[in-house]
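Encoded as structure tokens, the structure appears first; notes follow it.
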Amino acid sequence: MTSSTGFASACDADYAVASCYRSIDRDEGMEIQRGFFGEVPSLPSKYFYDRVGSELFDAICELDEYYPTRTEASIMRESVDEMVESIGPAGRLIEYGSGSSLKTRLLLGYMHADVTYVPVDISGDYLNQVAESLRRDFPQRRISPIAADFTRPFRLRSSTASQARDVVYFPGSTIGNFKPAFAATLLSQMRNQVGTGGGLLIGFDLQKDPAVLEAAYDDRRGITALFNLNLLRHLNRVAGGDFDLEAYRHIALYNEQEHRIEMHLESCREQAVSLVGRTRTLAKSERILTELSHKYTVDGFTEMAAASGWKREQIWTDANEYFAVGMFWA
């Protein structure tokens with residue numbers, strides 16, 4: 001278990017300088033209630049991503065055990081010419097859950113000059129910081145950030161490039177964080193947003209040795225544990241929570257039947273917890289589900305995408321077949 005003292009030393013300075021965080025709205029409060037006060041307690045994984053959570057995730061991406069980011073980046077570097085050629089002169093490149101936009105920088109360096117980059121992220125403070133950095137590094141590009149929860153429909157600003165098609169970019173295997181039914185709904189939302197002729201460039205993690213998977217989500221340095229605990233700290237400030245961070249430990253395990261990694265926070269003692277105006281008692285060793293990460297086969301993912309209106313054009317993978325990036329068209 002990571003101590004709260006260690007967590008505070010990693011995070012408090014950033015919280016002290018961060019600008020005001022938004023509070024949850026009514027729909028978000030109901031979503032939290034349905035999860036946390038259900039038969040098996042769970043919390044929405046999107047609350048990992050305040051400013052500190054985004055920075056912790058960037059640190060996770062640098063870990064030796066966490067293969068997805070570097071593997072996807074190697075696929076992108078090796079095949080960026082083919083990807084850009086496939087995308088063509090898109091009107092907008094719309095990235096869902098953009099975070100630090102690291103992999104997007106490679107695309108922006110190669111794509112057509114008139115493409116507008118639209119990063120979409122729930123962490124507005126961090127999003128604006130990244131957008132300013134991109135404007136400095138790509139002064140000829142139009143950068144048009146949108147602070148939004150991409151798991152709910154959101155409105156794009158009007159585009160001047162009416163004849164060019166839009167392309168959603170969804171890297172990082174984030175699609176795997178959703179149960180299959182909701183993943184299909186999200187793919188349909190993307191399809192509706194770009195319309196007929198629009199595109200989707202998406203990363204997804206492939207099934208592999210469970211030992212490799214579990215190490216990737218439970219690193220030796222404990223950064224993933226910090227990331228997991230940050231969800232509780234974030235909910236304490238925006239949803240009226242009173243989680244005691246010292247009273248939980250990080251758990252990551254592979255569910256072979258469902259082909260997914262599950263992250264949990266396990267209660268170290270019996271305790272009562274208040275959240276969004278309600279109270280629940282957690283037993284000692286009871287777990288709160290905080291994240292799912294589904295792993296796919298190429299054919300299985302293609303079938304799910306097809307059911308949501310996407311036609312596969314091309315799939316790129318690494319030599320170990322750990323990860324895949326796919327180009328699909330509506």
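The values are calculated or read from the model by the stated rules, or taken from the named source; none is laboratory data. This is a predicted model, so every value here is computed, not measured. Counting neighbours? That spans all protein chains shown, and the Cβs are built from the backbone with ideal geometry, glycine included. Side chains included, ligands, DNA and RNA excluded: accessible areas come from the protein's heavy atoms. Shrake-Rupley method; radii C 1.70, N 1.55, O 1.52, S 1.80 Å.
So here's what we get for this one:
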read-out	value
Whole-Å semi-axes of the stretch 47-147's equivalent ellipsoid (Cα gyration tensor)	22, 19, 10
Those GluC sites (Glu not before Pro) in the stretch 47-102 that DSSP places in a loop and that have at most 13 other beta carbons within 10 Å	62
Virtual spin-label span in nm between residue 266 and residue 81, 7 Å along Cα→Cβ	5.1
Candidate lysines for bridging to residue 103, where Cα separation is under 26 Å - those fewer than 8 sequence places away on the same chain excluded	46, 179, 208, 295, 311
Gain on full stretching of the segment that runs from residue 208 to residue 74 - 0.36 nm per residue minus C-alpha separation	46.4 nm
Charge sum, other residues only, whose C-beta stays under 12 Å from residue 121's C-beta, Lys/Arg counted +1 and Asp/Glu -1	-2
Estimated vicinal HN-Hα couplings, Hz - the stretch 238-249 in sequence order (Karplus 6.51, -1.76, 1.60; Gly, Pro = x)	10, 10, x, x, 10, 4, 9, 5, 6, 9, 9, 10
Förster radius 35 Å - calculated FRET efficiency between residue 299 and residue 157, Cβ distance, rounded to 0.05	0.40
Distance in nm between pseudo-label sites at residue 125 and residue 102 (7 Å out along the Cβ direction from Cα)	2.2
Zone of residue 306's modelled label, taken as backbone nitrogen in the stretch 183-210 under 13 Å from a point 7 Å along Cα→Cβ	none
Gaussian network model of the chain, springs between alpha carbon atoms under 10 Å - residue of 48, 37, 57 with greatest fluctuation	37
For the stretch 218-330: span of alpha carbons on each principal axis (Å, largest first)	51, 32, 25
Mean ellipticity per residue at 222 nm, deg cm²/dmol - from DSSP H runs of n ≥ 4 across the chain, formula -39500 (n - 2.57)	-12000 deg cm²/dmol
The chain: angle of helix 124-137 to the longest principal axis, Cα-based, in degrees nearest 10	40
Accessible surface of the stretch 175-262 [probe 1.4 Å, protein heavy atoms]: carbon and sulfur percent	44
Rh (Kirkwood; distinct C-alpha pairs) - the stretch 272-330, Å	15.2
The chain - accessible surface per residue (Å², probe 1.4 Å)	44
Alpha-carbon Rg with Dmax, taken over the stretch 185-272, Å	17.8, 54
For the stretch 95-146 versus the stretch 47-88, the gap between their alpha-carbon centres in whole angstrom	14
The stretch 128-205 - Debye-derived log10 I(q)/I(0), Cα point model, q = 0.15 Å⁻¹	-0.66
Residue-span extension gain [residue 274 to residue 179] - 0.36 nm each, minus C-alpha spacing	31.5 nm
Modelled FRET efficiency - R0 25 Å, residue 283 with residue 253, Cβ distances, 0.05 increments	0.85
Relative contact order (%) - criterion: Cα under 8 Å, at least six apart; region: the chain	22
Residue 39-residue 112 FRET efficiency (beta carbon distance; Förster radius 56 Å; 0.05 resolution)	0.65
Under the Karplus curve 6.51 cos²θ - 1.76 cosθ + 1.60, θ = phi - 60°, whole-Hz ³J(HN,Hα) for the stretch 112-122, x wherever Gly or Pro sits	3, 4, 8, 5, 9, 9, 10, x, 10, 8, 6
Beta bridge orientation in the chain: antiparallel %, DSSP, nearest 5	65
Most to least accessible of 268, 61 (protein chains only, probe 1.4 Å)	268, 61
In Å, descending, principal axis extents of the Cα set of the chain	58, 42, 33
